[in-house]
Amino acid sequence: MNILIEEHCPDALQVVIRCREADAQVQQLKAHIALFDNRLQAKDGDGTRLVHTRDVLYFESVDDRTFLYTADAVLEVGYRLYELELMLPKQDFLRSSRSQIVNIQRISTLHPELNRTLTATLCNGEKLTISRKYVPHLKRLLSL
C-alpha cells in the first residue's frame, strides 16, 4: 500500500483510492473513510443531507432500498445493511433483524416476549423487534 498526502489542495479534503479492483477490503476502507467524521450522506427529497450517526435511531431495508430514521426524518442512504454493519461502530449499532440495524444508544427499554424476541422501545417511543437470532449479541453488548 502506498500512501500519499498532498497539502495545499484547493478542495477542503479529498481522498482518492486507486486499486486494481474494488474488492471487499477496498470497500471496507471506503466505508471507514466515509465515516471519518461520523456522518452519513442521505437523500432528503431532492437534496442531500449529512446526518451524524449519533442522531440515527435505526436503519431499515425495504424493497432493495435502505433508509435511516432519526427522531424527525426518514432519509434514504446509498448503502446496503451489510455495508453499514462494516462501517458503523460495533459498540453502538446492532443488527436487530434481517432488515434492520438499531442504534443501541437510542434504546430506552427492552421487553422480553414469549417467542424469545425482545421489543425495544426507542427514545422517541417507536418500538422495534429484536429477533431471537440477535438477542444473545445484544445481551453481550449490554452485559446482561
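We did not get these values from a lab; they are worked out from the coordinates using the rules stated. All values reported here derive from a predicted model rather than from experimental measurement. Every residue, glycine as well, gets a Cβ built from its backbone with ideal geometry; the counts of neighbours run over all protein chains shown.
Taking Cβ atoms as reference points and 13 Å as the exclusive limit, the residues near Q27 contribute a net charge of -2, counting Lys and Arg as +1 and Asp and Glu as -1.
The ranking of E6, E83, E113 from fewest to most other beta carbons within 10 Å of each one's beta carbon is E6, E113, E83.
Apply the Kirkwood formula to the chain: the hydrodynamic radius equals the inverse of the mean of 1/r over all pairs of different alpha-carbon atoms; give it in Å with one decimal.
Computed over Cα pairs of the chain, the Kirkwood hydrodynamic radius comes out at 16.8 Å.
Distance between the pseudo-spin-label points of D92 and C19 (7 Å out from Cα toward the beta carbon): 2.4 nm.
Shown for the chain: lysine pairs separated by 8 or more places, or found on different chains, whose C-alpha atoms are under 27 Å apart, numbering 8. Under a Cβ-Cβ cut-off of 10 Å, what is the net charge of the residues other than R106 that fall near it, where Lys and Arg count +1 and Asp and Glu count -1? Charge balance in the 10 Å sphere: -2. Ratio of Rg to Rh for region 47-124: 0.96 [Cα atoms; Kirkwood radius as inverse mean 1/r over pairs]. Taking the Cα atoms only, what angle lies between the long axis of helix 24-34 and the longest principal axis of the chain, rounded to 10 degrees? So the inclination is approximately 90 degrees.
Quote the FRET efficiency, to the nearest 0.05, computed for E6 versus Y82 with a Förster distance R0 of 22 Å and r equal to the Cβ-Cβ distance.
Values: r = 33 Å, r/R0 = 1.50.
About 0.10, to the nearest 0.05.
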